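Visitor: Sharing a structure with you now.
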Amino acid sequence: MRKMKITALLTAFMLMWAASAMAERADYNVIPLPKSVQSDSTKTFALKTGLGIAYDASDPEIARNAQFLRTWVEELTGIRLALTPDDKRAAIRLTIGLPADKNVKGKKGKKTTAKLSEQQQEAYRIAVSESGIDIAARQPVGLFRAAQTLRKSLPVVSNAADGNDISIEMPYAVIEDEPRFTYRGAMLDCARHYFPVATVKRYLDLMAMHGCNQFHWHLTEDQGWRFEVKALPELAKKGSVREQTVIGHNTGVYDGQRYGGFYSQAECRELVNYAAERYINIIPEIDLPGHMMSALHVFPNLGCTGGPYPVCTSWGVMHEVLCAGNPETITFLKTVLGELCDVFPSKFIHIGGDECPKVRWKNCPKCQAKAQALGLKDDGKHSVENQLQTWINHEMEAFLRERGRDIIGWDEVLEGGLTEGGIVMSWRGIKGGIEAAKQHHRVIMAPTTFCYIDYYQLQNRDRQPQSIGGYVPLSKVYSLEPILPDDLSEEEQQYILGPQVNLWTEYIAYPQHIFYMLLPRLDAISEVQWCRSEQKDFDRFKSRLPHMLKIYDRLGINYCRQYE
Ligand code: ACM
Ligand code: ZN
């Protein structure tokens, strides 16, 4: 009898334990942290298999976002929600229109969103109550951001394969959110090393998970040309291939293996669409007039000396650049940029401009004749050759302007006097960004000391794979304040569009290594990009990070397991 009682008690205890183990809880304090989270943890709504998601099925964008939410919930918890567009009683409801806008009327009593900032267009609100989960946004993009927040708030359920038994406790809450900066970027160098389309998609997925909206795609380099130009078929075919690659830090020892790969225009279009579905714009970069050895290899007539030029097999800054005095250079660049515009709808086109030594131009009769014809004179601030580079930038800017595009350039574009309307990407510290903002040029902040995630992330170099050098730990990325209140007036601060991390790949040859370098530093930059400075707190950020790492584990994504 006594034995039976103990057995019954044990069974009851185990059943209770099992039930509590399965009823895991959501936590809305995700990365990046929403602008406002008000929750009542004493009351919860139970999320479980079979509950429906209601949405306007006549809008394919909204329908896609409903599908994303469904997929993400199942991925982490095993719970299978139903897509029930017309069900007014569905537990999860996606709607367009924020409650806060209900009483805001424009002229003639019509509702208006015309005066809203880009950030406000991305705003969303999630309300969890006894009736379920209401997700509201001004635009479909806001529904996507909200779905990402809900996704990250969910526990990673260990027995997710059996979703029928799972119930997630969703504390009652009201979450209101919108980003701080309009531009929230991440760059990937696919020129030093080529990465498959699937890897680029995964990079985009991670960006989207973190609220990033601008993917800067570095497509051309001394070591490889990766963009197909149909009018110049030899360019990608030959320019994408190097004979071998140096081992380590320019050791003089080579691996003896041919290396190559490029993206067809069809693949680029596929990626543009893939990114757009995740509310990311792809900014392609053709780095000019330096970093052009792969193009010079195919078209040696475009160099000052006539070549021959190899596709580079080691790293660094090369003296050989496009000849500024050869009219064929401009024709070549317009052919390339013309096709680039056909493939990439981006409002911004990156024309590089970094690290263009002027030794060849100084000694090239064609370049000097061009400078003279243009009447360029050293004015004490800008050398003749720097102004020659600005002239090329002007030509490119005018060409792109006709196609409705704006140029972005690395901060060297300031050295010859920045072209009107050009956007500066400040990488050699924040100085270039400050100077540009003071001149009322738009700025993207990507200083090496905070944003170069090709640098080591741990102090002890023996504990991590070889990298280019430097030291940018997680805490350093997190500490970036892009607005610079000590240096810029409030008006000047408006020119800072936002921050970006850069991942150069001289020393990164495999996808696993990309994600090791990216994560968790992408988490840190996402809070710099998304959160107001008063929300930022590194210790609290670190306490929210382990949950993100669990999500990466569930998705099978590599990341750096130590951080400092
Ligand atoms: C750069 O890092 N060369 C822009
Ligand atoms: Zn020249």
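The values are calculated or read from the model by the stated rules, or taken from the named source; none is laboratory data. Being a predicted model, the structure only gives us computed values, none of them experimental. Reconstructed Cβ throughout: ideal geometry from the backbone, glycine too, with neighbour counts over all protein chains shown. Surface accessibility is based on the protein's heavy atoms, side chains included, excluding ligands, DNA and RNA. Shrake-Rupley method; radii C 1.70, N 1.55, O 1.52, S 1.80 Å.
Visitor: How many of the residues in region 324-346 are within 16 Å of ligand 2 (Cβ to nearest atom) and of a type outside the set (Val, Ile, Thr)?
Guide: Count: 7.
Visitor: Next up: Among the numbered conditions (1) open to solvent by less than 10 Å² (accessible area, probe 1.4 Å); (2) touching a Ser or Thr at 6+ places or on another chain (Cβ under 6 Å), tell me where Leu235 comes up short.
Guide: (2)
Visitor: Further question: On the given criteria, is Lys550 surrounded by fewer than 23 Cβ atoms within 10 Å (Cβ to Cβ), more than 20 Å from Ile430 (Cβ to Cβ), out of contact with any His (no Cβ under 9 Å at 6 or more places or on another chain) and modelled with pLDDT of 95 or more?
Guide: In short, yes.
Visitor: Another question, if that's okay. Is there a residue in region 469-476 that is basic (Lys, Arg) and either more than 30 Å from His513 (Cβ to Cβ) or within 16 Å of ligand 2 (Cβ to nearest atom) (or both)?
Guide: no
Visitor: With out of contact with any Asp or Glu (no Cβ under 9 Å at 6 or more places or on another chain) and within 29 Å of His249 (Cα to Cα) as the only criterion, which of His350, His319 stands out?
Guide: His319
Visitor: Residue under question is Glu534, and the condition is that it be over 21 Å from Ile514 (Cα atoms), at pLDDT 95 or above and surrounded by fewer than 17 Cβ atoms within 10 Å (Cβ to Cβ); does it hold?
Guide: Yes; evaluated as a whole, the condition is true for this residue.
Visitor: Okay, moving on. Six or more apart or on different chains, Cβ under 7 Å: which pairs go from a residue in region 392-407 that's open to solvent by 60 Å² or more (accessible area, probe 1.4 Å) to one that's assigned to a loop (DSSP other than H, G, I, E, B)? Could you list them?
Guide: What qualifies is His394/Thr419.
Visitor: Take the conditions over 17 Å from His218 (Cα atoms) and either among the basic types (Lys, Arg) or away from ligand 2 (no atom under 16 Å from the Cβ) (or both) and apply them to Leu414. Does it pass?
Guide: Considered against the rule, which asks whether it is over 17 Å from His218 (Cα atoms) and either among the basic types (Lys, Arg) or away from ligand 2 (no atom under 16 Å from the Cβ) (or both), Leu414 comes out as yes.
Visitor: Out of all the residues in region 211-229, is one or more closer than 28 Å to Ala91 by Cβ and in contact with a Phe, Trp or Tyr (Cβ under 9 Å, 6 or more places away or on another chain)?
Guide: yes
Visitor: For the structure I just gave you, tell me whether Tyr263 is more than 16 Å from ligand 2 (Cβ to nearest atom) and open to solvent by less than 40 Å² (accessible area, probe 1.4 Å).
Guide: So Tyr263 fits the description; yes.
Visitor: Moving on. Considering each of Met548, Met517 in turn, give the residue that is outside any loop (DSSP other than H, G, I, E, B), within 16 Å of ligand 1 (Cβ to nearest atom) and not acidic (Asp, Glu).
Guide: Met517
Visitor: Go through region 266-299 and count every residue that is in a helix (DSSP H, G or I) and open to solvent by 10 Å² or more (accessible area, probe 1.4 Å).
Guide: Count: 12.
Visitor: Moving on to the next point. So how many residues does region 37-71 have that are open to solvent by 60 Å² or more (accessible area, probe 1.4 Å) and either more than 33 Å from the chain's Cα centre (by Cα) or of a type in the set (D, E, K, R) (or both)?
Guide: Residues flagged as open to solvent by 60 Å² or more (accessible area, probe 1.4 Å) and either more than 33 Å from the chain's Cα centre (by Cα) or of a type in the set (D, E, K, R) (or both) within region 37-71 amount to 8.
Visitor: Within the bounds of region 489-497, is there any residue that is open to solvent by less than 30 Å² (accessible area, probe 1.4 Å), among the polar types (S, T, N, Q) and not in a helix (DSSP H, G or I)?
Guide: No, region 489-497 contains no residue that is open to solvent by less than 30 Å² (accessible area, probe 1.4 Å), among the polar types (S, T, N, Q) and not in a helix (DSSP H, G or I).
Visitor: What are the residues in region 415-462 that are more than 19 Å from Thr390 (Cα to Cα), of a type in the set (Phe, Trp, Tyr) and part of a loop (DSSP other than H, G, I, E, B), if any?
Guide: Once the filter is applied, which keeps residues that are more than 19 Å from Thr390 (Cα to Cα), of a type in the set (Phe, Trp, Tyr) and part of a loop (DSSP other than H, G, I, E, B), region 415-462 yields only Tyr455.
Visitor: Any chance you could count how many residues in region 200-218 are open to solvent by 10 Å² or more (accessible area, probe 1.4 Å) and among the hydroxyl-bearing types (Ser, Thr, Tyr)?
Guide: Number satisfying all stated conditions: 0.
Visitor: Looking at (1) within 16 Å of ligand 2 (Cβ to nearest atom); (2) open to solvent by less than 40 Å² (accessible area, probe 1.4 Å), find the lone condition where Ile349 falls short.
Guide: (1)
Visitor: Evaluate the following for Val477: is it in contact (Cβ under 8 Å) with a residue 24 or more places away in the chain, in contact with a Leu (Cβ under 8 Å, 6 or more places away or on another chain) and not in a loop (DSSP other than H, G, I, E, B)?
Guide: Here the answer is no, as Val477 does not meet what is asked.
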